[in-house]
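J.: To start, I am sharing the structure in question, which I have written as structure tokens.
The values are calculated or read from the model by the stated rules, or taken from the named source; none is laboratory data. Keep in mind that this is a model prediction, so the values were computed, not measured. Cβ: placed from backbone, ideal geometry, glycine included. Neighbour counts: every protein chain shown.
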Ligand code: FAD
């Protein structure tokens, strides 16, 4: 069963989570140390994020700075393959339009297919630091919908080079992102949902939402999606707060609101241990209500740390 089938056919809300590849220089053991305690809760799948290159300025010692392009967290595909082999669990690599030509995307998909990775989260990606707007590669996909079309083509044996003789059909299950509080570039939630519907019509099988802290925002989003004719599973994304700083970082980075009740509780905390406890309790409350409403899965953004997710999972699964 691929992930969309699991989501559609489950009677109970499934558990899933997202991890980051380790920082360059770190070993894979660190990732396993975070995954190990979460395996007790029988996750249905694990997502692994993709991190684009960044431009940094390196001092040259003579007062001048040199522009350097680096990738701080490479290894998404390798990590997915390693996790699948070690834990016998489906992994979902995130693939971006940004930084990829269509040829690069096709080659990455071929690699995934060879490795037995049958699930992909197709994303556009953000603009590079210092760039105001996202710009695709010259021969790249401009929007996530274009990547969905490309993956769907490969699933039908349609490659970029139409003259290929042996046209193996892949069998990718395609996830895409959705934004209950709308994507920050979108003029309105309904315009955003119109483009979301295009991703589904192009062959995407399910949606994972951006994090949200007020369940009503998710319920309204699901209603709007259904009204727009979107009938695929919509998996809610949950991020337990763990530091005071996140009160400003999260709205800035992810363009989501933090409800007054949660924000004021965090403001009252003396230290981050207290914040972590508030974050755990809030996420459990969110999870319980989402489960009551038959959410297909709860997808946790671990940001590479699992202690708080373990506490939440103990309560919910
Ligand atoms: P799209 O669906 O392409 O939409 C982007 C914007 O363009 C939206 O405003 C949309 O309304 C609009 N739009 C869509 N189609 C069209 C069209 N045809 N014409 C005009 N406008 C259109 N980023 C990373 O770098 N790495 C990750 O691993 C990662 N994982 C993520 C996981 C999840 C669950 C989520 C929600 C986001 C993730 N992101 C990640 C962030 C994501 O890359 C950014 O939010 C990005 O700005 C948008 O990507 P998208 O796939 O939603 O874009």
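J.: In the range 129-157, how many residues are exposed (fewer than 15 other Cβ atoms within 10 Å of the Cβ), more than 10 Å from the ligand (Cβ to nearest atom) and more than 16 Å from residue 205 (Cβ to Cβ)?
T.: 9
J.: Out of contact with any helix residue (DSSP H, G or I) (no Cβ under 7 Å at 6 or more places or on another chain) and over 17 Å from residue 24 (Cα atoms): does that describe residue 101?
T.: In short, yes.
J.: Run residue 160 past the list (1) in contact with a helix residue (DSSP H, G or I) (Cβ under 9 Å, 6 or more places away or on another chain); (2) surrounded by 19 or more Cβ atoms within 10 Å (Cβ to Cβ) and report the number of the one that doesn't hold.
T.: Against the list (1) in contact with a helix residue (DSSP H, G or I) (Cβ under 9 Å, 6 or more places away or on another chain); (2) surrounded by 19 or more Cβ atoms within 10 Å (Cβ to Cβ), residue 160 comes up short only on (2).
J.: Would the range 246-266 turn up any residue that is under 25 Å from residue 7 (Cβ atoms) and touching a helix residue (DSSP H, G or I) at 6+ places or on another chain (Cβ under 7 Å)?
T.: Checked the range 246-266: at least one residue is under 25 Å from residue 7 (Cβ atoms) and touching a helix residue (DSSP H, G or I) at 6+ places or on another chain (Cβ under 7 Å).
J.: Still on this structure: Please find, among 126, 90, 113, 104, the residue that is farther than 27 Å from residue 14 by Cβ and away from the ligand (no atom under 13 Å from the Cβ).
T.: Just one listed residue meets the conditions, 104.
J.: Something else: So which of 246, 210, 274 ends up being within 23 Å of residue 18 (Cβ to Cβ) and more than 16 Å from the ligand (Cβ to nearest atom)?
T.: 246
J.: Let me ask another. Can you tell me which residue in the range 107-138 is nearest to the chain's Cα centre (by Cα), limited to those that are closer than 24 Å to residue 196 by Cβ and outside any loop (DSSP other than H, G, I, E, B)?
T.: Across the range 107-138, the extreme among qualifying residues is 121.
J.: What helices (runs of 4 or more DSSP H), lying completely within the range 1-87, carry at least 2 residues that are within 15 Å of the ligand (Cβ to nearest atom)?
T.: 3-9, 76-87
J.: Scan (1) assigned to a loop (DSSP other than H, G, I, E, B); (2) more than 9 Å from the ligand (Cβ to nearest atom); (3) over 27 Å from residue 283 (Cβ atoms) for the single condition residue 185 breaks and write down its number.
T.: (2)
J.: Okay, moving on. In this structure, does residue 175 turn out to be in a loop (DSSP other than H, G, I, E, B) and either modelled with pLDDT of 95 or more or farther than 30 Å from residue 224 by Cα (or both)?
T.: no
J.: Then there's this: Can you spot a residue in the range 21-40 that is in contact with a helix residue (DSSP H, G or I) (Cβ under 7 Å, 6 or more places away or on another chain) and under 23 Å from residue 170 (Cα atoms)?
T.: The answer is no; no qualifying residue exists.
J.: Out of 297, 263, report the one residue that is at pLDDT 95 or above and under 18 Å from the mean Cα position of the chain (by Cα).
T.: Exactly one residue qualifies, and that residue is 297.
J.: Then there's this: What about residue 163, is it at pLDDT below 95, away from the ligand (no atom under 14 Å from the Cβ) and out of contact with any strand residue (DSSP E or B) (no Cβ under 7 Å at 6 or more places or on another chain)?
T.: So residue 163 passes the test.
J.: Same structure, new question: Condition (residue is under 15 Å from residue 205 (Cβ atoms) and either out of contact with any helix residue (DSSP H, G or I) (no Cβ under 7 Å at 6 or more places or on another chain) or surrounded by fewer than 16 Cβ atoms within 10 Å (Cβ to Cβ) (or both)) applied to the range 110-118: is it met by at least one residue?
T.: Checked against the condition, which is being under 15 Å from residue 205 (Cβ atoms) and either out of contact with any helix residue (DSSP H, G or I) (no Cβ under 7 Å at 6 or more places or on another chain) or surrounded by fewer than 16 Cβ atoms within 10 Å (Cβ to Cβ) (or both), the range 110-118 yields at least one hit.
J.: Since residue 105 meets every condition but one in (1) surrounded by fewer than 17 Cβ atoms within 10 Å (Cβ to Cβ); (2) within 20 Å of residue 71 (Cα to Cα), which condition does it not meet?
T.: If we test residue 105 against (1) surrounded by fewer than 17 Cβ atoms within 10 Å (Cβ to Cβ); (2) within 20 Å of residue 71 (Cα to Cα), just (1) comes out false.
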